[in-house]
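Below is one structure, written out as structure tokens; the observations come after it.
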Amino acid sequence: MEYTKLGLIQNSDVNDQTIALVEEKIGCRLPESYYELMRFNNEPEPQACEFDYGGQTTCVSEFFRFTDDENYEYGILAYLPSLSGVAEQLVPIARDPEDYLICLDRNQDFAVVLLDRNNNLLHFVARDFDEFLRSLR
């Protein structure tokens, strides 16, 4: 994917060691296309950021920083402890302006979903991470 089309510049220190440490902490391997984006920019804030879900539109405020530091406020591991119940199947990767979490769903072959934590609602966004990236405008 041409990440520059999303308005991103290359800025990443993600390597195989960081990926392995994060995978160990989340307990799974994420889609390669997600890792490719994180290797390009490990804390992307795309300019092309709007996407649709359930007849509504929102946007990516920022993707969480890809880091194995569990204490980094907006890191990929920061939101995992706050998720329980059905949300345990989710890996939060970004958020929108309303603080809904954009997640990869382990139980749906890593489909992209939007989690409204206030109302405990889950909205389908895309079949996979590639489709999600292509939908950003």
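None of the figures in this text is laboratory data; all of them are computed from the coordinates on show. Because the structure is predicted, anything quoted here is derived from the model rather than measured. Positions of Cβ are generated from backbone atoms using ideal geometry, with glycine treated the same way; all protein chains shown enter the neighbour counts.
Under a Gaussian network description of the chain, with springs only between Cα atoms under 10 Å, the residue in Gln56, Gln108, Gln17 that fluctuates furthest is Gln56.
Amide H contacts under 5 Å for Glu62: Arg95, restricted to partners 5 or more places along the chain or on a different chain, H placed in the peptide plane at 1.01 Å from N. Counting only DSSP beta bridges whose two residues both lie in the chain, roughly 90 percent are antiparallel.
Each part reduced to its alpha carbon centroid, the stretch 5-51 and the stretch 93-126 end up 17 Å apart. Taken one residue at a time, the phi angles of the stretch 14-25 give Karplus couplings (6.51, -1.76, 1.60, θ = phi - 60°) of 5, 9, 4, 5, 4, 4, 4, 5, 5, 4, 4, 6 Hz. Gly and Pro are set to x. Taking C-beta distances below 4.7 angstrom as the pairing criterion, name the unpartnered cysteines of the chain, in sequence order. Singleton cysteines: Cys28, Cys103.
Normalised Debye scattering of the chain at q = 0.13, 0.16, 0.17, 0.22 Å⁻¹ gives log10 I(q)/I(0) of -0.49, -0.77, -0.88, -1.61, counting only Cα atoms as equal scatterers and leaving out solvent.
Which net charge results for the neighbourhood of Glu24, defined as the other residues with beta-carbon distances under 13 angstrom from its beta-carbon, given Lys and Arg at +1 and Asp and Glu at -1?
Local net charge: -2.
Counted residue by residue at 0.36 nm each, then reduced by the alpha carbon distance between them, the extension gain from Gln108 to Lys25 reaches 27.9 nm.
Where Lys and Arg each count +1 and Asp and Glu each count -1, what net charge lies around Asp128 among other residues with Cβ under 11 Å from its Cβ? Let's see the in-between values first.
Details: positive: Arg127, Arg134; negative: Glu32, Asp105, Asp109, Asp130, Glu131.
Its environment carries a net charge of -3.
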